[in-house]
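Take a look at the structure below.
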Amino acid sequence: MRNHRAHQVDTLLGEQQLDACVFLHPPALRDLCGFTGSDAVLVVWPQGDCFLTDSRYVTQARQQVRADEIRQYAVKVDAIAELLRQRGARRIGFEAETLVFAILQRLRDKGPEGAEWVALDKPLSRLRGIKEQAEIAAMEKAALLNYEAFEEILPLLRPGVRESEIALALEFALRRRGGEDKAFDFIVASGPRGALPHGVAADRELAGGELVTLDFGTRVDGYFSDETVTVALGPVSDQLRQIYDTVLQAHDLALAAVRPGVSLRQIDAVARDFIAARGYGDYFGHGLGHGVGLEVHEYPTLSPRSEDSAEEGMVFTIEPGIYIPDLGGVRLEDMVVVTTGGCRVLTKIDKAFRNFKF
């Protein structure tokens, strides 16, 4: 039985005048036909589809996959090419952002002679842009695990503890609560290392009078959480506190700006312009946020180059930051779902300034 996104692909085929579209990216396979394995293919044509995999996943596919036909292959490219020839496909879409070029070349060589291969990027990205309630519920559950795990490791936030110890403790705490996997290599960046937006946990020991940024997440039912917290270890300098307050206000202003129809570029600008007005514009270099779902970074993107607008059901992050070399940094990140009148925050950790005594 085909789901609503498979029917959206039917619409896409008509809009792009395609005879078929080839999907190999695992998140797309899970979304379109329910397959949770790591290696397979879904070929879709108007009002029909065929799922192809190797002997390792045939039994799993028969239990999970929604498709008109399931085929087993020995050589993936050969099987795809044969199916496309059988379908008489002349104009074939493919996943431009994820398909390996060498595989595309082999498909061109072995597929229907003279066929046109059409690169699809944004049209495919948009397919997963609007989340269903079950998807939102899974991400909210993953966000709750973030909160519980963070509360558990709070006693470790003290001088002398290594960043790597905190990252490992967070990972274990999430796993014990049912997290399927970590969303990425956790960021624990203390003191001057806080100026590294992607400062993956190192062996540095935390020290008093510093800020510590923690960026982490987990996966539940295939869907991710992503959240960033910055905390103070004892009293911090006036400048660090000013940076924190600036980021927090930019974060809150951006949240208030989210509603259907507002351009994502405009939401980014709300936070970016506020940070710039406070004199820190040169120290916020990344986009304000990104979509979250079956991938921890997916459509849409919130940045000065965004071309889309917020739509009800989108899930994305709001994560402004300030990063000053040799001093430190602050980032505060929440995941939100766009609602009819604004947005609802899915993540649970309070982002108000916290000063941990020791």
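The values are calculated or read from the model by the stated rules, or taken from the named source; none is laboratory data. As the structure is a prediction and not an experimental result, all values here were calculated from the model. For neighbour counting, all protein chains shown are included, and Cβ atoms are generated from backbone atoms with ideal geometry for every residue, glycine included.
Tabulated values for the structure
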| quantity | calculated |
| --- | --- |
| Residue identified as in contact (Cβ under 8 Å) with a residue 12 or more places away in the chain, in the same structural domain as residue 105 (by TED's automatic domain parsing), crowded, with 22+ Cβ neighbours inside 10 Å and not hydrophobic (A, V, I, L, M, F, W, C) among 54, 49, 78 | 49 |
| Selection status of residue 135, surrounded by 14 or more Cβ atoms within 10 Å (Cβ to Cβ) and of a type in the set (Asp, Glu) | yes |
| Odd one out for residue 97, checked against (1) over 22 Å from residue 17 (Cα atoms); (2) assigned by TED's automatic domain parsing to the domain that holds residue 32 | (1) |
| All positions within the range 307-326 that are assigned to a loop (DSSP other than H, G, I, E, B) and crowded, with 20+ Cβ neighbours inside 10 Å | 310, 314, 319, 320 |
| The range 86-107 residues that are part of a helix (DSSP H, G or I), paired with ones that are of a type in the set (Gly, Ala, Ser) and buried (at least 16 other Cβ atoms within 10 Å of the Cβ) (beta carbon under 7 Å, 6 or more apart) | 87/20; 107/81 |
| Any hit, the range 327-340, residues being crowded, with 24+ Cβ neighbours inside 10 Å, in a loop (DSSP other than H, G, I, E, B), polar (S, T, N, Q) and in the same structural domain as residue 297 (by TED's automatic domain parsing) | no |
| Within the range 249-283, tally of residues that are touching a strand residue (DSSP E or B) at 6+ places or on another chain (Cβ under 6 Å) and within 14 Å of residue 323 (Cα to Cα) | 2 |
| Breaking point among (1) among the charged types (D, E, K, R); (2) assigned by TED's automatic domain parsing to the domain that holds residue 233; (3) assigned to a loop (DSSP other than H, G, I, E, B), for residue 113 | (2) |
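Every residue, every condition in (1) surrounded by fewer than 20 Cβ atoms within 10 Å (Cβ to Cβ); (2) under 22 Å from residue 293 (Cβ atoms); (3) in contact with a Lys or Arg (Cβ under 9 Å, 6 or more places away or on another chain); (4) not assigned by TED's automatic domain parsing to the domain that holds residue 291, yes or no:
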| residue | (1), (2), (3), (4) |
| --- | --- |
| 189 | no, no, yes, no |
| 198 | yes, yes, no, no |
| 208 | yes, no, yes, no |
| 213 | no, no, yes, no |
| 217 | no, yes, yes, no |
| 220 | no, yes, yes, no |
| 227 | no, yes, yes, no |
| 239 | yes, no, no, no |
